[in-house]
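Structure first, commentary second.
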Amino acid sequence: MAQPPQYIGVDELGPAFYASTHQAVAVEPGRHLNLVCLGQGAPTVLLESGFGDDSLAWRKVQARVGAFTRVCSYDRAGYGLSDAARRRSDADNAVADLALLLEKAPISGSIVLVGHSLGGLYATHFANLHPDRVAGLVLMDPVQPGDGPAYGTLRDGMRKAWAKSITESEICLAAAQEGDLTAARSPANCLEDPPGPDLAFHDELNRRWGKAKYIAANLSELRSSMTDANGDSLDSAQAGPKQRDFGALPMIVLVSDPPKPLSGRPRWDESKAIRLRLQRELAGQSSQGKFQLVIGSGHMIQDDAPEVVIDAIQSVVAAVRGSPRDH
């Protein structure tokens with residue numbers, strides 16, 4: 001049984017809140033996913049984390065959303081407090097697990113699905129496959145199917161970065177399989193070292209990152225997302241065509257707009273222009289879709305501008321509550 005919420009300040013949930021299993025949902029015999037829910041009311045808001053993240057990523061958002069409706073985060077297979085993945089960590093399997101989670105928890109009715117980064121790809125893929133379960137979408141810097149070719153020669157740098165990350169993750173996995181990693185016994189880049197800006201969560205973050213099951217799932221997710229020779233990610237090929245119609249689905253696409261770097265400005269400007277165009281096109285896939293630039297925020301919008309994320313979720317929830325389909 002989960003303990004009552006423990007807070008850092010007024011609205012942010014502390015590390016102790018996420019450090020123990022809340023609801024171990026048996027999605028298959030012998031395999032559980034950790035589900036973390038707060039609040040009451042419909043529709044339920046389901047938070048889908050980005051690449052390498054789990055329920056911990058929503059610590060600045062979840063309690064405040066729980067003040068106006070039920071809100072649940074969860075750990076994908078292998079991440080956080082969920083059991084190890086038994087299959088590839090890709091878009092198809094992530095969506096299949098989410099469908100099982102909603103069924104087995106159970107979470108009834110249509111949901112508002114909030115997806116960050118790679119979780120945005122999972123969210124739209126789920127909405128395509130299970131339109132009856134999704135009443136609204138909030139997407140934050142979402143990855144989209146078929147984005148690769150739009151970036152042209154910029155993809156070369158992306159491929160190199162992916163390849164480096166895969167090599168580093170393989171080293172980390174080999175070390176973790178000999179025993180959980182600690183700051184005192186870890187290869188470079190396996191853990192958060194030195195501590196990041198969120199000091200309160202540093203130890204809990206490394207406790208999760210140091211486990212072999214996390215690194216294996218993370219490495220599988222990375223490989224599934226890696227750009228192939230044609231410039232499309234492997235997940236993009238699975239997640240259906242880029243052009244899709246969400247009808248009149250309430251949807252907000254939040255896009256980060258960090259300060260311009262001091263170096264590499266021409267390529268940064270080019271990449272930004274492409275990214276904004278793609279995200280505007282995505283918002284246009286619903287007649288109720290809205291595009292919103294989050295000035296000054298980095299990629300982790302839920303950390304840098306949690307109030308913007310909360311406002312967007314509340315707006316979509318309000319639109320769903322006013323929709324005949326949920327009456």
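Note on region 146-163 and region 72-114: Cα centroid distance 28 Å, given to the nearest whole angstrom.
Alpha-carbon geometry of region 159-198: the Rg and the Dmax are 11.2, 31 Å, given in that order. Shown here are the Rg and Dmax of the Cα trace of region 74-196, at 17.5, 49 Å. Fully extending the segment from ARG88 to GLN23, taken as 0.36 nm per residue of separation minus the present Cα-Cα distance, adds 21.0 nm. Only protein heavy atoms count here; under a 1.4 Å probe, ILE107 has an accessible surface of about 0 Å². With no solvent and one point per C-alpha, what does the Debye sum give as log10 I(q)/I(0) for region 1-147 at q = 0.09, 0.11, 0.21 Å⁻¹? One equal scatterer on each Cα of region 1-147 leads to -0.24, -0.37, -1.46. Of the options (1) 0.98; (2) 0.94; (3) 1.02, only one is Rg/Rh (Cα atoms, Kirkwood Rh) as computed from these coordinates, and that is (2). Stretching GLU170 away from PHE68 to a fully extended chain increases their span by 32.5 nm, per 0.36 nm per residue minus the current alpha-carbon distance. What pairs from LYS164/LYS213; LYS164/LYS211; LYS160/LYS290; LYS60/LYS272 go past 24 Å between their alpha carbons? Violating the 24 Å Cα-Cα cut-off are LYS160/LYS290; LYS60/LYS272.
The residues of the chain expose, per residue, 43 Å² of accessible area to a 1.4 Å probe.
Pairwise inverse Cα distances across region 251-297, averaged and inverted, put the Kirkwood hydrodynamic radius at 11.4 Å. When region 126-206 is described by a simple charge dipole with +1 on each Lys and Arg Cβ and -1 on each Asp and Glu Cβ, the residue from PRO187, ASN206, ILE166 located farthest towards its positive end is ILE166. Between ARG31 and LEU129, the modelled label-to-label distance comes to 1.2 nm, taking each label 7 Å out from Cα in the direction of the beta carbon. Karplus-derived 3J(HN,Hα) values for region 75-86, using 6.51 cos²θ - 1.76 cosθ + 1.60 with θ = phi - 60°, are 9, 4, 3, x, 9, x, 9, 7, 5, 4, 5, 9 Hz; glycine and proline are entered as x. Once the chain from MET158 to ASP311 is taken as fully extended at 0.36 nm per residue, the excess over their C-alpha distance is 51.9 nm. Along the axis of the charge dipole computed for the chain (Cβ charges of +1 for Lys and Arg, -1 for Asp and Glu, origin at the Cα centre), the listed residues GLY115, SER287, LEU254 are led at the positive end by SER287. Separation between the ALA150 and LYS272 pseudo-spin-labels, each 7 Å from Cα along Cα→Cβ, expressed in nm? The modelled label-to-label distance comes out at 1.7 nm. Per-residue surface analysis assigns MET226 an accessible area of about 60 Å², computed on protein heavy atoms at 1.4 Å probe radius. Surface composition of the chain: carbon and sulfur atoms hold 55% of the protein heavy-atom accessible area at a 1.4 Å probe. Mean residue ellipticity, 222 nm, helices only, the chain: the sum of -39500 (n - 2.57) across DSSP H runs of n ≥ 4, divided by residue count and rounded to 500, is -11500 deg cm²/dmol. Rolling a 1.4 Å probe across all protein chains gives LYS160 an accessible area of roughly 150 Å².
The values are calculated or read from the model by the stated rules, or taken from the named source; none is laboratory data. Just so it is clear, the model here is predicted, and its values are computed rather than measured. A quick note on method: Cβ atoms are made from the backbone with ideal geometry, for glycine too, and the neighbour counts reach across all protein chains shown. Protein only, heavy atoms only, side chains kept; ligands, DNA and RNA dropped before computing areas. Shrake-Rupley method; radii C 1.70, N 1.55, O 1.52, S 1.80 Å.
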